[in-house]
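Since the structure comes first, as structure tokens, the remarks are kept for the end.
The values are calculated or read from the model by the stated rules, or taken from the named source; none is laboratory data. It should be emphasised that the depicted structure is a prediction, and the values quoted were computed from it without experimental measurement. Positions of Cβ are generated from backbone atoms using ideal geometry, with glycine treated the same way; all protein chains shown enter the neighbour counts.
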Amino acid sequence: MTSSLMMIYLKLVMTMAVWGGTFIAGRALAQVLPPFSAALWRFAIASLGMAALVYQQGDRLPLLKSNQILPVLVLGLSGVLAYNAFFFAGLQTVPAGRAGLIIALNPVCIMLCAAIALREFLSGLKLAGTALSLVGTGLILTDGDIRLLTNGGIGQGELLLLGCVLSWSIYSLTGKQVMRSLSPLVATTYAVWVGTVALVPFALSENVLRSLPRLTPLAGGSILYLGLLGTVIAFIWYYEGIQALGAGRASIFINLVPVFAVIFGVLFLQEQVTLSLLIGGALVILGVSAVNWPQGRVGMPQGAQPRDR
């Protein structure tokens, strides 16, 4: 293995660690700021970072054609506005590790939505992976007591995080169409800018400017982490991996994100890991691996957030 290829693998692992860390940073920030305010500060930083990235690469953003405007608006509204509102609201009550395992359901939901909306074929392996992931998610949502699924025993925070999964599915399927005519960098940059603008009125309704005095060093660091590392830097590293290895091989690394989220939750937030969480998480990751095999993940990555991830 060449040194350049080893560096690609290292960057992919580091990217997944960064995206796993977004749940820790998001959990810390959600305890200080309301959801839309937290999201706006994150993506205000990310917008500047994406603009700098475009400039650094010597590119100019092309003017959108009339048939591209609506899909790009959907990208920003689903992947930035909706996803992050659900993300920060859910993390107000749900531990970071558990949240990471719930959102690991993303590829399965994307696949099911593609099958329903786009009539994409589902192989036996994908159906088996879907079943495993759904069982694992059920264990995570109910702390091992599946009966809670039928009597309204799931918490509001968990339901909000399922909103993340649905939002990201819409974002990813739309992104698949958009990237037929726009590069990932251009599509993600426009999505970040649209989503940031869309967040402004909601954040103003939360008196976002009054939140500045409440920004502790930890909260400020979390914003920078989410905006720069979790969005811009992770975007660069992930797409370097795609260019070197292909989308299918690079996407397999995404299974590491919930693993890092659980590990970091234990290390930094002293979160408890239960047997049902471990079993459920293992089933989700195994199921997602089956869903992603041998094809790559549909759409753009969480964090490149686009990512939170």
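Going by the conditions given, is Ala82 within 27 Å of Phe268 (Cβ to Cβ) and either modelled with pLDDT of 95 or more or crowded, with 24+ Cβ neighbours inside 10 Å (or both)?
no
Quick one: Pro107 ticks every box in (1) buried (at least 23 other Cβ atoms within 10 Å of the Cβ); (2) in contact with a Pro (Cβ under 9 Å, 6 or more places away or on another chain) except a single one, so which number is it?
Only one criterion is unmet by Pro107, namely (2).
Those residues that are of a type outside the set (A, V, I, L, M), modelled with pLDDT of 90 or more and surrounded by fewer than 19 Cβ atoms within 10 Å (Cβ to Cβ), I need them from region 246-268; list them, please.
Listed by number, the list holds a single entry, Phe268.
In region 53-76, which residues are in a loop (DSSP other than H, G, I, E, B) and either under 13 Å from Met179 (Cα atoms) or not aliphatic (A, V, I, L, M) (or both)?
Passing the criteria: Gln57, Gly58, Asp59, Arg60, Pro62, Leu64, Lys65.
Return yes when Val178 is at pLDDT below 95 and under 22 Å from Gly20 (Cα atoms) and no when it is not.
no
Taking the criterion of being over 20 Å from Gln31 (Cα atoms) and assigned to a loop (DSSP other than H, G, I, E, B), would at least one residue in region 185-199 satisfy it?
no
Collect the residues in region 99-139 that are in a helix (DSSP H, G or I) and under 14 Å from the mean Cα position of the chain (by Cα), keeping them in residue-number order.
Matches in region 99-139: Ala99, Gly100, Leu101, Ile102, Ile103, Asn106, Pro107, Val108, Cys109, Ile110.
Filter region 230-245 down to residues that are aliphatic (A, V, I, L, M) and surrounded by fewer than 22 Cβ atoms within 10 Å (Cβ to Cβ) and give me whichever is farthest from Ile8 (Cα to Cα).
Out of the qualifying residues, it is Ile233.
Of all residues in region 269-281 being surrounded by fewer than 17 Cβ atoms within 10 Å (Cβ to Cβ) and closer than 29 Å to Ile45 by Cα, which is farthest from the chain's Cα centre (by Cα)?
Gln270
Give just the number: which of (1) in a helix (DSSP H, G or I); (2) surrounded by 24 or more Cβ atoms within 10 Å (Cβ to Cβ) does Leu33 not satisfy?
Result: Leu33 passes all but (1).
Need pairs with beta-carbon distance below 7 Å; first residue among the β-branched types (Val, Ile, Thr) and within region 36-48, second in a helix (DSSP H, G or I); sequence gap 6+ or separate chains.
Matching pairs, first to second residue: Ile45/Ile223; Ile45/Leu224; Ile45/Gly227; Ile45/Leu228.
Hey, Leu91 hits all of (1) modelled with pLDDT under 95; (2) hydrophobic (A, V, I, L, M, F, W, C); (3) more than 24 Å from Val178 (Cα to Cα) but one; which does it fall short on?
That leaves (1) as the condition not met.
Each row is one residue, and each column tells you yes or no for (1) over 18 Å from Gly220 (Cβ atoms); (2) modelled with pLDDT of 95 or more; (3) surrounded by 22 or more Cβ atoms within 10 Å (Cβ to Cβ); (4) in contact with a His (Cβ under 9 Å, 6 or more places away or on another chain).
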position: Ser4; (1), (2), (3), (4): yes, no, no, no
position: Met14; (1), (2), (3), (4): yes, yes, no, no
position: Thr22; (1), (2), (3), (4): no, yes, yes, no
position: Gln56; (1), (2), (3), (4): yes, no, no, no
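Kindly check whether there is at least one residue in region 204-220 that is assigned to a helix (DSSP H, G or I), at pLDDT below 90 and under 22 Å from Leu77 (Cβ atoms).
No: region 204-220 contains no residue that is assigned to a helix (DSSP H, G or I), at pLDDT below 90 and under 22 Å from Leu77 (Cβ atoms).
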